[in-house]
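The values are calculated or read from the model by the stated rules, or taken from the named source; none is laboratory data. Every value quoted in this text rests on a predicted model; they were computed, and no experiment measured them. FYI the Cβ positions are ideal-geometry reconstructions off the backbone, even for glycines, and counts take in every protein chain you see.
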Amino acid sequence: MNINVNVAIVGAGISGLSAAWELYKLGIESLIVLEASSRVGGRTLNHPLTSGGYVEQGGTWVGPTQTALLALAAEMGITTKRGKFEGQTLYGFRQKWTMLEASPTLASDIAQQDFARAMAKFEALCLTVPVETPWDSPDAEALDSITMGDWIEQNTVTDEAKAWFEGCVRQILSGDPNQVSFLWMLHFVHTAGFYDLLETAEEFCLVGGTQQISLKIAERLGERVVLSAPVTEISGYDGSTVQLVSEYGVIRAQQVIVAMMPKSIADIKFSPPLPLGHRQLIEGWKTMSWVKIHAVYEKPFWQGKIATGHFLSVDTKIEVIDISPEDGSKGVIVGLLAPDYSHLAESERQEIFLAFLGQTFGEAAQRPLELVEFDWNTQPWIGGCISALPPGLLTAVGSVLNSPVGKIHWAGTERSSIWVNYIEGAIRAGQKAALDVLKNKV
Ligand SMILES: Cc1cc2nc3c(=O)[nH]c(=O)nc-3n(C[C@H](O)[C@H](O)[C@H](O)COP(=O)(O)OP(=O)(O)OC[C@H]3O[C@@H](n4cnc5c(N)ncnc54)[C@H](O)[C@@H]3O)c2cc1C
C-alpha cells in the first residue's frame, strides 16, 4: 500500500498522539500515526484485574504542576482521584526504618543533618542548570564528568545519608545512580522544579488510568492511527518528501515526527544516515526500569494499624506504596523492584516480594487475592521506563537533542524541558513538535 500524507508520526505513545491531536485540532487532517505494537499508550498501560477494576502497569501518577497533562485529561473528559494513601515514606537501611526530617536542626540525628545538607546542596546545583540548555551550565563539563553516585559518595559523610540519598535517586530514576551523569540528573530534577516537587508528582491518578488519554485520542483520530506497523526505514528526509517503510506499507509525508524512546530509534534505518551527533546521542542512552508488581486484597486491612503506606528499602531496593481506592472497596499495594530483580525467575521474585510485604504490611499481606507483575525491561519496542545519559554525552552532543534533521522533528518525553521522563514531558514534547511542523509550513 502507498499512502501520501502531510505529516507522519512514528509512535502512538502519549507524546506521538498528543502531537497528532494538536495538529488535527489545528486543521492538519492529512496525517498518520504508525505504532509498532498492537496497542496505543506506550509506557502507559491498564491491566484488567480478575477481581474487577484495573491496575496501571506503567505511568500512573499526576502532580498539580503537570498542567499540560491535567488539561489534556480534562479535554478528554477524564477526572482525577487520590494518588495514594497518606503517610510519609519510611526509608529502610540496615533493618531500621527512618522517616527523613524535612528540616533537621543541630539537635537532630547526625545522619539526618548530613542528608539534609547534601540535599540542599543538590537542589542549589539543580537551579544552576538551564532546563533548555543544560550543556551551558557553569562547570557543565565537570558536572558531566562524574556520575550521580560519585557525587553522593563525595557529598555525604554518614553511611545512612549516603544510602538514603541513593534510595531517593533510585526511586525517581528506576535505576542505578552510578550509571547516570550527574549533570543529566541535575537537569532531570530541575525540569520538574526541584526535588520536593517530585514527591507531589504522586498526588493524583486519573480515573480509568493514564492510558485512557491515548485511547481517547486514538478513538477521535480513527483510521489515522495504525497499529502493528513498526517503521523500519526512513529515507529522503533531506529532500522534499520523506518516505517511511513499515509493514503497513510505504508512506510519503511532507514532514515526520519521531516520538519514541530515543534508544529505540537505533532500530530504524535512516537514508542518508543521521548526522554523527544524533547517532552518538541515540546510541548512548541507557534505559532502566523497575519491575512493577501489584498485590490486590479484599480490604486494606493494614490501614489504621501501621503508621504509613509507603516503604522504601535501600537494602533490598524494593519500594511499596498503598494505592488502595479511597472508598476502601479493596486493598491494593504497588511494588517497584529495582532492575536487578528482572533476571530472577518470576516465582523467585514473587516470593521475595511477598516476604517483603509480610514484613511491612503484616503477615496477612503475604496472601493477596491477585498478584500482577509487569517487567518493562523485557518489552519489545520500549524496553524500559526511563532514558538516562551516562557521563560525557550531554556536554559532547546534547545540543542536538531537539534540533530537527531535514524534515524530521523529534518528540517523546526525553525531548522535553519540563517534567522530562514524565507523562507531562511527553505531552509537552508532542505539542511542541506539532507547532514546529506547522512553523515549517506543511
Ligand atoms: C513502570 C513505569 C512507571 C511510570 N510512572 C510514571 C508516573 O507515575 N507518572 C508519570 O508522569 N510518568 C511515569 N512513567 C513515565 C511515563 O509513562 C513516560 O514518560 C511516558 O509514557 C512516555 O511517553 P512517550 O510517548 O514519550 O514514549 P512511549 O510511551 O515510550 O511511546 C513510544 C511509542 O513508540 C512505539 N515505537 C517504538 N518503536 C517504534 C517503531 N519502530 N515504529 C513505530 N512505533 C514504534 C512504542 O511501541 C511506543 O508506543 C512511568 C513509566 C513506567 C514504565
| remark: Note on region 217-232: residues within 10 Å of the ligand (Cβ to nearest atom) and assigned to a strand (DSSP E or B) are 226, 231, 232
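Just to be sure, is residue 172 of a type in the set (A, V, I, L, M, F, W, C), in a helix (DSSP H, G or I) and surrounded by fewer than 21 Cβ atoms within 10 Å (Cβ to Cβ)?
Values: of a type in the set (A, V, I, L, M, F, W, C): yes; in a helix (DSSP H, G or I): yes; surrounded by fewer than 21 Cβ atoms within 10 Å (Cβ to Cβ): yes.
So residue 172 passes the test.
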| note | The condition of being within 22 Å of the chain's Cα centre (by Cα) and of a type in the set (D, E, K, R) holds, among 292, 305, 269, only for 292
| request: Using the structure shown, decide if residue 214 is assigned by the TED database to the domain that holds residue 24 and assigned to a loop (DSSP other than H, G, I, E, B). | output: no
| Condition broken by residue 381, with the remaining ones in (1) away from the ligand (no atom under 15 Å from the Cβ); (2) under 14 Å from residue 262 (Cα atoms); (3) part of a loop (DSSP other than H, G, I, E, B) satisfied | (1)
| task | Could you identify the single residue in 163, 192 that is assigned to a loop (DSSP other than H, G, I, E, B) and touching an Asp or Glu at 6+ places or on another chain (Cβ under 9 Å)? | result | 192
| remark: Going through region 168-188 in order, the residues found to be at pLDDT 95 or above, under 21 Å from residue 290 (Cβ atoms) and not polar (S, T, N, Q) are 177, 180, 184, 185, 188
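Would you confirm, using the coordinates I've provided, whether residue 353 is crowded, with 22+ Cβ neighbours inside 10 Å and either more than 13 Å from the chain's Cα centre (by Cα) or without any contact (Cβ under 8 Å) to a residue 40 or more places away in the chain (or both)?
Details: crowded, with 22+ Cβ neighbours inside 10 Å: yes; either more than 13 Å from the chain's Cα centre (by Cα) or without any contact (Cβ under 8 Å) to a residue 40 or more places away in the chain (or both): yes.
It is true that residue 353 is crowded, with 22+ Cβ neighbours inside 10 Å and either more than 13 Å from the chain's Cα centre (by Cα) or without any contact (Cβ under 8 Å) to a residue 40 or more places away in the chain (or both).
Tell me whether region 339-359 contains one or more residues that are outside any helix (DSSP H, G or I), more than 30 Å from residue 31 (Cβ to Cβ) and not hydroxyl-bearing (Ser, Thr, Tyr). Give the derivation first.
Here is the first cut: in region 339-359, the ones outside any helix (DSSP H, G or I) are 344-345.
Then keep just the ones that are more than 30 Å from residue 31 (Cβ to Cβ); that gives 344-345.
Checking the rest, the ones that are also not hydroxyl-bearing (Ser, Thr, Tyr) come to 344-345.
Yes, that holds for at least one residue.
Suppose we filter region 1-23 for residues that are assigned to a helix (DSSP H, G or I) and either surrounded by fewer than 24 Cβ atoms within 10 Å (Cβ to Cβ) or within 10 Å of the ligand (Cβ to nearest atom) (or both); how many remain? Walk me through how you get there before you give the answer.
Step one: filter region 1-23 for residues assigned to a helix (DSSP H, G or I), giving 14-23.
Filter once more, so that each one left must be either surrounded by fewer than 24 Cβ atoms within 10 Å (Cβ to Cβ) or within 10 Å of the ligand (Cβ to nearest atom) (or both): 14-19, 22.
Of the residues in that region, 7 qualify.
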| query | Is it the case that some residue within region 74-82 is over 27 Å from residue 297 (Cα atoms), touching an Asp or Glu at 6+ places or on another chain (Cβ under 9 Å) and more than 11 Å from the ligand (Cβ to nearest atom)? | reply | no
| request: Answer yes if at least one residue in region 69-90 is surrounded by fewer than 21 Cβ atoms within 10 Å (Cβ to Cβ), at pLDDT 95 or above and on the phi > 0 side of the Ramachandran plot, and no otherwise. | output: yes
| said: Which residue is nearest to residue 89 (Cα to Cα), if the candidates are limited to region 102-117 and must be touching a residue at least 24 places away in the same chain (Cβ under 8 Å) and hydrophobic (A, V, I, L, M, F, W, C)? | reply: 115
| said: List pairs: first residue in region 272-296 and free of Cβ contacts under 8 Å to residues at least 40 places away in the same chain, second residue within 14 Å of the ligand (Cβ to nearest atom) and of a type outside the set (D, E, K, R) anywhere in the structure, Cβ distance under 7 angstrom, at least six positions apart or on different chains. | reply: 282/262; 282/265; 282/266; 283/266
| Looking at this structure, is residue 251 more than 11 Å from the ligand (Cβ to nearest atom), buried (at least 16 other Cβ atoms within 10 Å of the Cβ) and either of a type in the set (Asp, Glu) or in contact (Cβ under 8 Å) with a residue 12 or more places away in the chain (or both)? | yes
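Any idea which of 258, 242, 250 is assigned by the TED database to the domain that holds residue 408, among the hydrophobic types (A, V, I, L, M, F, W, C) and under 21 Å from the mean Cα position of the chain (by Cα)? Walk me through how you get there before you give the answer.
Working: 242 fails: under 21 Å from the mean Cα position of the chain (by Cα); 250 fails: under 21 Å from the mean Cα position of the chain (by Cα).
Of the residues listed, the single one that is assigned by the TED database to the domain that holds residue 408, among the hydrophobic types (A, V, I, L, M, F, W, C) and under 21 Å from the mean Cα position of the chain (by Cα) is 258.
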| Limited to region 256-269, what total is found for residues that are more than 10 Å from the ligand (Cβ to nearest atom) and buried (at least 20 other Cβ atoms within 10 Å of the Cβ)? | 2
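Output the residues belonging to region 282-294 that are surrounded by 15 or more Cβ atoms within 10 Å (Cβ to Cβ) and within 16 Å of the ligand (Cβ to nearest atom).
Of the residues in region 282-294, the ones surrounded by 15 or more Cβ atoms within 10 Å (Cβ to Cβ) are 282, 284-294.
Result: 282, 285, 286, 287, 288, 289, 290, 291, 292, 293, 294.
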| message | Only one of 227, 336, 274 is under 23 Å from residue 53 (Cα atoms) and surrounded by fewer than 22 Cβ atoms within 10 Å (Cβ to Cβ). Can you tell me which? | response | 336
| field | Pick from region 26-51, criterion touching a Ser or Thr at 6+ places or on another chain (Cβ under 9 Å) and either free of Cβ contacts under 8 Å to residues at least 40 places away in the same chain or β-branched (Val, Ile, Thr) (or both), ranking: nearest to the ligand (Cβ to nearest atom) | value | 44
| remark: The condition from (1) within 27 Å of residue 92 (Cα to Cα); (2) more than 12 Å from the ligand (Cβ to nearest atom) that residue 401 misses is numbered (1)
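Please tell me if residue 271 is of a type in the set (S, T, N, Q), closer than 30 Å to residue 398 by Cβ and out of contact with any strand residue (DSSP E or B) (no Cβ under 7 Å at 6 or more places or on another chain). Walk me through how you get there before you give the answer.
Numbers: of a type in the set (S, T, N, Q): yes; closer than 30 Å to residue 398 by Cβ: yes; out of contact with any strand residue (DSSP E or B) (no Cβ under 7 Å at 6 or more places or on another chain): no.
Criteria not met by residue 271.
Tell me which residues, restricted to region 379-425, are under 16 Å from the mean Cα position of the chain (by Cα) and among the small types (Gly, Ala, Ser). If you could, list the steps in order and put the result at the bottom.
Taking region 379-425 first, the residues under 16 Å from the mean Cα position of the chain (by Cα) are 379, 381-389, 411-425.
Matches in region 379-425: 383, 384, 387, 388, 411, 412, 416, 417, 425.
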